[in-house]
1. Collect the residues in region B:29-48 that are aliphatic (A, V, I, L, M) and part of a loop (DSSP other than H, G, I, E, B), keeping them in residue-number order.
2. Report those helices (runs of 4 or more DSSP H) wholly inside region A:18-119 carrying at least 3 residues which are more than 13 Å from chain B (Cβ to nearest Cβ) and at negative phi.
3. Check region B:175-194 and report whether any residue there is away from chain A (no Cβ under 14 Å), at pLDDT 80 or above and within 23 Å of the chain's Cα centre (by Cα).
4. Please verify whether B:Gln229 is open to solvent by 50 Å² or more (accessible area, probe 1.4 Å), modelled with pLDDT of 90 or more and within 13 Å of chain A (Cβ to nearest Cβ), treating the condition exactly as stated.
5. Looking only at region B:239-266, how many residues end up being out of contact with any Gly (no Cβ under 6 Å at 6 or more places or on another chain), at the interface with chain A (Cβ under 9 Å from one of its Cβ atoms) and not β-branched (Val, Ile, Thr)?
6. Hey, can you tell me all the residues within region B:266-288 that are touching a His at 6+ places or on another chain (Cβ under 7 Å) and either modelled with pLDDT under 90 or not β-branched (Val, Ile, Thr) (or both)?
7. Look at region B:280-295 and say how many of its residues are acidic (Asp, Glu) and open to solvent by less than 50 Å² (accessible area, probe 1.4 Å).
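The values are calculated or read from the model by the stated rules, or taken from the named source; none is laboratory data. The shown structure was predicted, so the numbers you read here are calculated from the model rather than taken from an experiment. FYI the Cβ positions are ideal-geometry reconstructions off the backbone, even for glycines, and counts take in every protein chain you see. The protein model used for the area step is the full one, side chains on, heavy atoms only, and it has no ligands, DNA or RNA in it. Shrake-Rupley method; radii C 1.70, N 1.55, O 1.52, S 1.80 Å.
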Amino acid sequence: MNAKFDDGAVGLTAVVSVQGGLDATNAALFEAHCKKRLASLAQKSLVIDLRAANFLSSAGLRSILILGKHVKAAGGRLAICGLQGVVRETFVISGFLDLFPVAETLEQAAGLAGGGPPPPGAATPPGHR
Amino acid sequence: MIPPPLDNAPEALYRQERAFLLNLGLALAFTIPAVIVAAFSGSLLLFSDLLDHAQELINGVLGWNILRAIRKGRTQGFDYGTGKLQTLGGVVGTGVYVAALLFMAAMAIRHLVYPAALDQTYTAAGALLQLTGFSVDYWLWQRNRRLAREAFSPVMETLWRANRADALSCLAVLAGLGLTLALRRYPWSVYVDPACALAFVTYAGLSFLPVLREGIGEMLDKTLREDLQLRIDRHLAQNYDGYAGFHGVRSRRSAGRIFIEIALSFPPGQTVAEAVQTSERLRRGIESDIPGSEVRVVLMPAEPDPAS
């Protein structure tokens with residue numbers, strides 16, 4: 001599946017945006033890309049921007065899980081930005097919606113990932129880790 | 001320290017490796033006389049059986065190679081023992097096997113159109129060889145099934161089921177040869193051998209199609225339907241706090257069972273009891289959610305701190 005990963009940053013938080021679908025063909029690539037991005041910026045927290053993602057398979061979810069643990073091990077936090085449509089549905093079915101804080105905008109997501117107080121309007125699921 | 005899974009314990013791996021080598025050695029020992037009787041008897045049924053011998057040899061080498069890789073620790077990267085290359089080898093081998101079956105089917109049809117008499121002495125020798133083959137395969141079937149149960153292992157599961165298939169195939173060939181010899185006084189008996197050979201290769205071909213499909217699915221990580229994969233993910237999410245690192249999931253289908261391996265690491269400060277509790281909860285949850293599945297949690301070294 002075709003996907004494009006774009007790098008960005010909001011303040012001290014690294015952002016990786018996904019355009020297209022995340023599945024078995026590119027999940028490992030995405031994981032490596034995010035880890036490299038974190039290492040290059042020497043940052044601990046990460047926002048995965050899924051606003052332009054149109055598909056997410058179980059393999060894609062697992063790459064997010066791996067990244068969640070990776071970020072946590074470094075003392076940072078992982079937040080998700082822009083869940084919608086079938087991608088949101090996949091998050092709901094798999095129970096991933098409870099794992100990571102989810103926000104609608106990058107700024108809100110960066111606030112959640114940065115560990116600071118969540119900006120107004122950000123959706124923090126109860127008991128997210 | 002949590003003990004390694006039973007089939008990955010060095011002693012168990014040696015035992016399994018020896019079982020594969022024994023299989024391989026016996027398959028080799030039978031191949032030479034099988035070629036001789038097939039060539040001199042002119043029996044297509046015996047020729048078709050040679051394909052089975054070849055497949056047995058290939059599977060033996062592949063299985064032994066997989067176990068050797070596991071024992072030598074080349075699976076630290078969590079590639080489920082076999083790895084894609086070995087699966088590819090298996091699929092290519094299977095493709096060659098199916099092509100050979102098609103060739104044998106064409107030969108059988110040709111012999112039905114232009115029948116030829118068989119050499120009775122070598123055909124009888126072939127029957128005797130099949131009887132011996134059945135005895136040996138039956139013994140291996142029982143022995144390897146016991147080994148597979150002692151050390152839960154998908155590889156050994158596959159081996160004993162292959163032994164059972166070989167034993168039954170020997171019986172089928174033996175029945176065909178017996179029929180040819182028993183009916184030899186009738187002029188139409190010349191059709192018995194090619195007809196049996198055609199039935200044999202058709203059955204072998206049909207029973208191999210799922211294997212080929214499964215192998216290709218495995219290479220594309222499609223051994224499990226996506227809804228089942230998502231169920232695994234749900235259990236991983238439910239137990240998220242119980243493990244420190246997640247390294248992947250590998251699944252494999254074998255003989256109607258689904259073998260799932262989940263690679264996790266646990267924080268150094270965690271007690272063994274806590275780690276076992278998480279692994280057990282994950283295993284029980286997935287096994288009850290996915291019918292026919294057998295789940296194993298593989299322990300991986302904890303990820304080094306990315307910050308350090």
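1. none
2. A:27-41, A:106-113
3. Initial filter on region B:175-194 (away from chain A (no Cβ under 14 Å)): B:175-194.
Cutting the leftovers down to at pLDDT 80 or above gives us B:175-194.
So of that shortlist, the ones also within 23 Å of the chain's Cα centre (by Cα) come out as none.
No, that holds for no residue.
4. No.
5. So in region B:239-266, the residues out of contact with any Gly (no Cβ under 6 Å at 6 or more places or on another chain) come out as B:239-256, B:259-262, B:264, B:266.
Still in the list and also at the interface with chain A (Cβ under 9 Å from one of its Cβ atoms): B:240-241, B:243-249.
Narrowing further to those that are not β-branched (Val, Ile, Thr): B:240-241, B:243-248.
Result for region B:239-266: 8.
6. B:Leu282, B:Gly285
7. Start the filter on region B:280-295 by keeping residues that are acidic (Asp, Glu), which leaves B:280, B:287, B:289, B:294.
Those still in the list that are open to solvent by less than 50 Å² (accessible area, probe 1.4 Å) too: B:289, B:294.
Adding up the residues that qualify gives 2.
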